[in-house]
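Engineer: To start, I am sharing the structure in question, which I have written as structure tokens.
The values are calculated or read from the model by the stated rules, or taken from the named source; none is laboratory data. Everything numeric in this text was worked out from a predicted model, so none of it was measured. For neighbour counting, all protein chains shown are included, and Cβ atoms are generated from backbone atoms with ideal geometry for every residue, glycine included.
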């Protein structure tokens, strides 16, 4: 006689071993927090949460123990011994079982009280049992309730339970038939985690299934509770809505005949059924949803008379599919509908109104030339030219829908086209030039996005609107805004280099018709006037080295200067209150920034920044401008000062004109900033002062070589050069045999510090 596993301490309700588990969780969480969080406070807060959870768990254990009676036992006539407790003196919780029977029925009542719960491991390790039938009254089942019943073949779960946990049957290797809980609403692939399930009975509450669920198993029989109002079955497939919607094929088969009256083949209904080579569809089917037959073994498809919609990837990767016949009446074919199939031709009826992207990628179907394998019957809304251009006919002209020829490098849009639809050329790998006709009025959103090779697409004079991201990530080299253009979408002209920064921006020429009331250009810039007043920079053409941003500009669009490589001089103002993402993302060293001020600051109407030509400067420029959301004067000064501090490392082991010049340049810039410390942080003031004081002899030597007496005077005014260090500097410069500068320093010593004779030779 086998026993169910005995439960620790808590009468089978809450597992006392959880205390140890929580302790391990606490230890692991603390280690993780120590690695990932910045502050001790955050770690402590999380430890408090864990501690509260531990306390709450302990409280629940205490409450459960208080609510439960002492463990009791009941021997039935068949020799089955049930161990149980009563809870609140209202219901029974079974905590253990020992038996030698093959068919085990969990009792509905013990001590005139309903059996409402099976505890953790309540009926586990029962070697003799081949069948377990649970009482309908049971409402809760603990983890691993039927674990390791090695010969269990059939399990009938309670009607009143609304979950399924694969841990219940862990180790039940022979489980072949499962009756699911009646109130379970969704069935997942976990039903196939254990055993060799061949038969499944679905309860009265189920209406949903995980996509691809039944393809993961090998069912031979399926049944659905007669009381289920949502779904039904013909013994092979599951249907909804009184048979009008085929939900899923539950049983594997080579051929399946869909019953008359079915209208919708739902998402993934036949997906991953590699053994399925033929499906007979009735004429009543109107819709084949996304992925319906994907990865199946289907060999041919003939559309039903009433079919109107074929969804996205409906026949995706059906490698054996070689024949497709589409009937009149079909309205829509989704993206990748026949991608990866074995078809060589695809003939589309004239009734088609919508054709998705890449409908036949990775097939032998061709889209251009006189012998193209793809064609559209004449007389409909859609038509295709011999170059693979798909068009939609309208009352006011043609709409270009898509270029179906993936290998095309040049395409001439047909005369009479009034619109390039959204995404029409998007991600075309090879297109380099597109000729747009006069009469074109609109280019849709992302129409040419990610066409990395596209360099030429001149705008016709009739163009009125360009959508968002229309030419984003292209290699467009020039753009001229025509007279009639009134709308240019966000990042519409941001080229690949400007957006990604891995290559130089391709746009080197930008202009606008003088008669355009919305847009105007200045050297290197396209400007758009705001409706509410003011203007914004749309894009910079990277071929212009010196750029002046007009006074009326108050904002800079995202990526406008993105990736700029050739800019050397930039005039702007602090009236620019908004800079979009990477709007000033300069990927080069800019020699001169001129910033006009809206209001004078400390007597200055403007500032000029000549960042030192040093490796660190480009980085500081990026920090000053690239990451800022406005023209922030304080931020610019901060990084300008930092660039000066890090301009040159004084190295006493090296010498030469170049080194002297670097030292001199740094000294001059540091002196200039300390003499007029506008918006200088206390930290930068200290660091700039240290640059001079710690390297004063080298700085004075470099100043002497340039005979810059003004710099000496400024060092004196800053009190960096003083009576304590002047003698040493005089001695150092004297060794250079620079009589003029030495004499000047001696005069300073006499005049300012009242020193008399000298004790060295000039």
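Engineer: Anything in the stretch 711-721 that is closer than 15 Å to residue 744 by Cβ and under 56 Å from the mean Cα position of the chain (by Cα)? List them, or say none.
Structural biologist: 711, 714, 715
Engineer: Follow-up question, since we're still on this one. Every residue in the stretch 275-305 that is at negative phi, within 33 Å of the chain's Cα centre (by Cα) and part of a loop (DSSP other than H, G, I, E, B), please.
Structural biologist: Answer for the stretch 275-305, where residues must be at negative phi, within 33 Å of the chain's Cα centre (by Cα) and part of a loop (DSSP other than H, G, I, E, B): 289, 290, 292, 293, 294, 296.
Engineer: While we're here: Does the stretch 544-556 contain at least one residue that is more than 25 Å from residue 621 (Cα to Cα) and in contact with a strand residue (DSSP E or B) (Cβ under 9 Å, 6 or more places away or on another chain)?
Structural biologist: No, because not a single residue in the stretch 544-556 is more than 25 Å from residue 621 (Cα to Cα) and in contact with a strand residue (DSSP E or B) (Cβ under 9 Å, 6 or more places away or on another chain).
Engineer: When you go through 145, 122 one by one, which is the residue that is touching a helix residue (DSSP H, G or I) at 6+ places or on another chain (Cβ under 7 Å), over 21 Å from residue 217 (Cβ atoms) and crowded, with 22+ Cβ neighbours inside 10 Å?
Structural biologist: 145
Engineer: Quick one: count up the residues across the stretch 180-197 that are in a loop (DSSP other than H, G, I, E, B) and buried (at least 17 other Cβ atoms within 10 Å of the Cβ).
Structural biologist: Adding up the residues that qualify gives 7.
Engineer: Of the residues 516, 490, which is out of contact with any strand residue (DSSP E or B) (no Cβ under 9 Å at 6 or more places or on another chain) and modelled with pLDDT of 95 or more?
Structural biologist: 490
Engineer: Now, a different point. Do the conditions hold for residue 297, that is, is it outside the structural domain of residue 232 (by TED's automatic domain parsing) and either over 30 Å from residue 384 (Cβ atoms) or at pLDDT below 95 (or both)?
Structural biologist: yes
Engineer: Quickly run through the stretch 677-710 and pick out the residues that are under 24 Å from residue 604 (Cα atoms) and more than 47 Å from the chain's Cα centre (by Cα).
Structural biologist: Matches in the stretch 677-710: 710 only.
Engineer: What is the one condition in (1) crowded, with 16+ Cβ neighbours inside 10 Å; (2) modelled with pLDDT of 95 or more; (3) in the same structural domain as residue 311 (by TED's automatic domain parsing) that residue 347 does not satisfy?
Structural biologist: Residue 347 satisfies all of (1) crowded, with 16+ Cβ neighbours inside 10 Å; (2) modelled with pLDDT of 95 or more; (3) in the same structural domain as residue 311 (by TED's automatic domain parsing) except (1).
Engineer: A further question follows. Being crowded, with 21+ Cβ neighbours inside 10 Å and assigned to a loop (DSSP other than H, G, I, E, B) is the filter here, so list the residues in the stretch 313-329 that pass it.
Structural biologist: 313, 314, 315, 316, 318, 321 - these are the residues of the stretch 313-329 that are crowded, with 21+ Cβ neighbours inside 10 Å and assigned to a loop (DSSP other than H, G, I, E, B).
Engineer: Okay, moving on. Looking at 237, 176, 215 in this structure, which one is surrounded by fewer than 21 Cβ atoms within 10 Å (Cβ to Cβ), under 30 Å from residue 296 (Cβ atoms) and without any contact (Cβ under 8 Å) to a residue 60 or more places away in the chain?
Structural biologist: Unique residue meeting the criteria: 176.
Engineer: Just give me the residues in the stretch 378-409 being in contact (Cβ under 8 Å) with a residue 24 or more places away in the chain, in a loop (DSSP other than H, G, I, E, B), touching a strand residue (DSSP E or B) at 6+ places or on another chain (Cβ under 7 Å) and over 18 Å from residue 434 (Cα atoms), in sequence order.
Structural biologist: Once the filter is applied, which keeps residues that are in contact (Cβ under 8 Å) with a residue 24 or more places away in the chain, in a loop (DSSP other than H, G, I, E, B), touching a strand residue (DSSP E or B) at 6+ places or on another chain (Cβ under 7 Å) and over 18 Å from residue 434 (Cα atoms), the stretch 378-409 yields only 381.
Engineer: Just to be sure before I move on: is residue 136 touching a residue at least 24 places away in the same chain (Cβ under 8 Å), assigned to a loop (DSSP other than H, G, I, E, B), closer than 28 Å to residue 240 by Cβ and in the same structural domain as residue 71 (by TED's automatic domain parsing) in the structure I sent?
Structural biologist: Spelling it out, residue 136 is indeed touching a residue at least 24 places away in the same chain (Cβ under 8 Å), assigned to a loop (DSSP other than H, G, I, E, B), closer than 28 Å to residue 240 by Cβ and in the same structural domain as residue 71 (by TED's automatic domain parsing).
Engineer: Check residue 103 against each of (1) at pLDDT below 65; (2) surrounded by fewer than 16 Cβ atoms within 10 Å (Cβ to Cβ); (3) within 28 Å of residue 135 (Cα to Cα) and name the one condition it does not meet.
Structural biologist: Of (1) at pLDDT below 65; (2) surrounded by fewer than 16 Cβ atoms within 10 Å (Cβ to Cβ); (3) within 28 Å of residue 135 (Cα to Cα), only one is false for residue 103: (1).
Engineer: Let me ask something else. Considering 536, 487, which residue is more than 24 Å from residue 411 (Cα to Cα), more than 24 Å from the chain's Cα centre (by Cα) and not assigned by TED's automatic domain parsing to the domain that holds residue 584?
Structural biologist: Answer to the selection: 487.
Engineer: For residue 89, are the conditions met, namely being exposed (fewer than 13 other Cβ atoms within 10 Å of the Cβ), closer than 24 Å to residue 153 by Cβ, over 53 Å from the mean Cα position of the chain (by Cα) and modelled with pLDDT under 95?
Structural biologist: No: the conditions fail for residue 89.
Engineer: Determine if the stretch 240-251 includes at least one residue that is out of contact with any strand residue (DSSP E or B) (no Cβ under 9 Å at 6 or more places or on another chain) and not in a strand (DSSP E or B).
Structural biologist: no
Engineer: Working only within the stretch 493-511, note down all residues that are surrounded by fewer than 16 Cβ atoms within 10 Å (Cβ to Cβ) and touching a strand residue (DSSP E or B) at 6+ places or on another chain (Cβ under 8 Å).
Structural biologist: Of everything in the stretch 493-511, just one residue is surrounded by fewer than 16 Cβ atoms within 10 Å (Cβ to Cβ) and touching a strand residue (DSSP E or B) at 6+ places or on another chain (Cβ under 8 Å), namely 509.
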